[in-house]
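Participant: So that we are looking at the same thing, I have put the structure below in structure tokens.
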């Protein structure tokens, strides 16, 4: 498949950002303009990968380097589809490629190992993200969120994470009970769309 983007150049540019920044905030600021460039490519996501699944949002791996230092993922959100409140345990950026989504941010408040519940999750903000908008995640303070598409149109988000997020063990949080369960959200395609 011919590429509409120079993925090797992106790999070099993100590699440079990672070499020169050891803190999450610096990485986010360094990768943000690279994601902005990606969002402008009208043919970035092949048409066959732009339809949501019936039972959940679709998660398609676009690209990852051999060392899995990062991954680029397209999420396709059908009307009414939502992701539960979750964390990532790695840095990441989310850009709106098409449509709009609602992102709710949460903060974990620990109560101690002997407390019941051990922690609580408190909603701290809600934003509507539209085409071209970019948000970010990184642990521990900016890592927990929930995303939904309450609108009638399909939404597409493009994510860059600091690992292959389709292999990353992380957590789904129950806001009501202050508990979590482990989860790995695998990609819906077995191999990257671009190599």
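Derivation of every value follows stated rules applied to the coordinates shown; laboratory data play no part. Just so we're clear, the structure is a prediction, and the values are computed from it rather than from any experiment. Cβ sites come from the backbone with ideal geometry, for glycine too, and all protein chains shown count toward neighbours.
Participant: Rounded, prolate or oblate for region 1-94? Axes are the square roots of the Cα gyration tensor eigenvalues, ordered a ≥ b ≥ c, and the cut-off for rounded is a/c under 1.5.
Facilitator: Taking the square roots of the gyration eigenvalues as a ≥ b ≥ c, region 1-94 is oblate.
Participant: Now, a different point. Using only the Cα atoms of region 48-149, build the gyration tensor, take square roots of its eigenvalues as a ≥ b ≥ c, and label the shape rounded, prolate or oblate: rounded if a/c is under 1.5, else prolate if a/b is larger than b/c, else oblate.
Facilitator: Since a/c reaches 1.5 and a/b is larger than b/c, the shape of region 48-149 is classed as prolate.
Participant: Given the options 59, 36, 12, state which has the largest fluctuation in a GNM of the chain using a 10 Å cut-off (strictly under) for Cα springs.
Facilitator: Most flexible of the set in this elastic network: 12.
Participant: For a quick check: sort 53, 35, 18 by the number of other beta carbons within 10 angstrom, fewest at the front. List each step's numbers first, then the result.
Facilitator: Working: 53 12, 35 21, 18 17.
Neighbour counts put them in this order, fewest first: 53, 18, 35.
Participant: For the pair residue 16 and residue 118, how long in nm is the line joining their label points, each one 7 Å along Cα→Cβ?
Facilitator: If labels sit at residue 16 and residue 118, their model points lie 4.3 nm apart.
Participant: In the Gaussian network model of the chain, springs joining C-alpha atoms below 10 Å, which of 120, 71, 100 carries the largest mean-square fluctuation?
Facilitator: Answer for the Gaussian network model of the chain: 120.
Participant: Right, something else. Could you tell me which of rounded, prolate or oblate describes region 106-170, using a ≥ b ≥ c as the square roots of the eigenvalues of the alpha-carbon gyration tensor, with rounded for a/c under 1.5 and, failing that, prolate when a/b is larger than b/c and oblate otherwise?
Facilitator: Because a/c hits 1.5 or more and a/b exceeds b/c, region 106-170 counts as prolate.
Participant: Of the listed values [x] 1.04; [y] 0.93; [z] 0.96, grab the one calculated as Rg/Rh (Cα atoms, Kirkwood Rh) from the structure here.
Facilitator: Working out Rg/Rh (Cα atoms, Kirkwood Rh) from the coordinates points to [z].
Participant: For helix 24-39, what angle does its Cα long axis make with the longest principal axis of the chain, in degrees from 0 to 90 and rounded to 10?
Facilitator: The angle comes out near 40 degrees.
Participant: If I fit a long axis through the Cα atoms of helix 7-20 and take the longest principal axis of the Cα atoms of the chain, what angle between them do I get, 0 to 90°, rounded to 10?
Facilitator: Taking Cα atoms only, the helix is inclined about 50 degrees.
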